[in-house]
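The values are calculated or read from the model by the stated rules, or taken from the named source; none is laboratory data. Keep in mind the model is a prediction, meaning the values are calculated, not measured. Reconstructed Cβ throughout: ideal geometry from the backbone, glycine too, with neighbour counts over all protein chains shown.
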Amino acid sequence: MNAPTSKYPELGFYGLPGHTRTPRDVLRQVQDAEALGIGNVMISERSDYKEIAAICGACAAVTESIFIGTSGTNLNTRHPVVTASIGSTLERLSQGRFALGLAKGFAGRWRAWGVDQPTFAREREFIDILRRLWAGETVIDHRGQLGQFAALSLAPYVTADIPLMYVGFGPKSLHHAGQIYDGAHLHTFMSDEALSNAVAQFRAGEALAGKPTAKGKLWSVLATACDVSESTYLKYIIARLATYLQIPGYGDMLVEINNWDKDILARFRADSTVKNMRGAIDSVATLSQIAEIAKLIPEDWRPAAVGNAKTCAQRWVDQFTAGADGIVIHASTPEEFAPVLAEYDKIRPTHLFSQRTNRPA
């Protein structure tokens, strides 16, 4: 199947950004984005109202051209055949517009859930099995890090061409991802320097695996808040960043790749408002609590597109200058970022996107 091409194949957006209790909102969001010419929608997963296969299926049913991707789901929470079947079904349902983004998640969750911690070896095996199942193969007598399987298959007539995207930002993980994935979605709140470093880490992995130079596409994930109120800024920028910083290991890595002060992170986590939060900050914190939390986070820890439409559009272009191949617009809905898109159109580096389709990798 030939991939469709929208006006802006290099732009994607996060459907249902952050916390939601109304997942049906994604239907209008994805249709609005398609009408604006956005090439991709990326869907993240939470275990309350954001089961990723259901959301992607809904998006496929109400769109015609936008590419639909997971960004991401975890590679250890479903049996390989179940994940492969999700992929092949969504690829056929969307008429070839599905990409599978996989993440390893964080150790604390897997200990709590009682599931195996992903490793590089398990990740490599999992991806190899997926690709073989999507080619209609039957995997016989598999013995490896994932376990022992007498026979794994979908059906001999299955042929699914599905891009596989790594979702993450750790240096070692990106180097490994460059060897085995088709591209990567990076992370919100990465400085331009951190973004450039991440691209280099993935490219080094590609080179080690003998892949063509810059074969995979690297997507910057950029929170965008155009002409928003203070309360919206707190929800879109502060609450989202604070939620990442809350998570042991996860927040530490974000601080490390940005070369931020670890003592500030320790003070943030020791603050009574943060320490006593019963859940993810962006899910349960009140506006007044988020305002207090904002005082704990330095301004230079908030790399994002914030301000008027022209300023935000320039920050989008900055991502390409730093080495990104695409941008996933986070925090804002298509209706909210439409004014930025109008300004971006005036300064868009069109030479970078010739013969580009909506296929994200």
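Computed quantities for the displayed model
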quantity	calculated
Residue within region 130-139 that is under 17 Å from residue 183 (Cα atoms) and touching a residue at least 12 places away in the same chain (Cβ under 8 Å) present	yes
Residue within region 155-167 that is buried (at least 17 other Cβ atoms within 10 Å of the Cβ), over 18 Å from residue 102 (Cβ atoms) and not small (Gly, Ala, Ser) present	yes
Residue that is modelled with pLDDT of 95 or more, among the basic types (Lys, Arg) and either touching a His at 6+ places or on another chain (Cβ under 6 Å) or outside any strand (DSSP E or B) (or both), where the choices are 269, 278	269
In region 114-150, the residues that are surrounded by 18 or more Cβ atoms within 10 Å (Cβ to Cβ), touching a strand residue (DSSP E or B) at 6+ places or on another chain (Cβ under 9 Å) and not basic (Lys, Arg)	118, 123, 125, 126, 127, 129, 130, 133
Sole exception among (1) modelled with pLDDT under 95; (2) assigned to a helix (DSSP H, G or I); (3) touching a Phe, Trp or Tyr at 6+ places or on another chain (Cβ under 8 Å) for residue 283, by number	(3)
Members of region 310-352 found to be more than 27 Å from residue 22 (Cβ to Cβ), in a helix (DSSP H, G or I) and among the aliphatic types (A, V, I, L, M), listed by number	313, 317, 342, 347, 352
Index of the failed condition, residue 361 passing every other in (1) within 21 Å of the chain's Cα centre (by Cα); (2) assigned by TED's automatic domain parsing to the domain that holds residue 186	(2)
Condition met for residue 61 (among the small types (Gly, Ala, Ser) and over 19 Å from the mean Cα position of the chain (by Cα))	yes
Which listed residue, of 294, 214, is small (Gly, Ala, Ser), touching a helix residue (DSSP H, G or I) at 6+ places or on another chain (Cβ under 9 Å) and under 25 Å from residue 337 (Cβ atoms)	294
Unique match (being over 17 Å from the mean Cα position of the chain (by Cα) and assigned by TED's automatic domain parsing to the domain that holds residue 296) among 256, 193	256
Strands (runs of 3 or more DSSP E) wholly inside region 124-235 containing at least 1 residues that are closer than 27 Å to residue 321 by Cβ	164-167, 183-185, 217-226
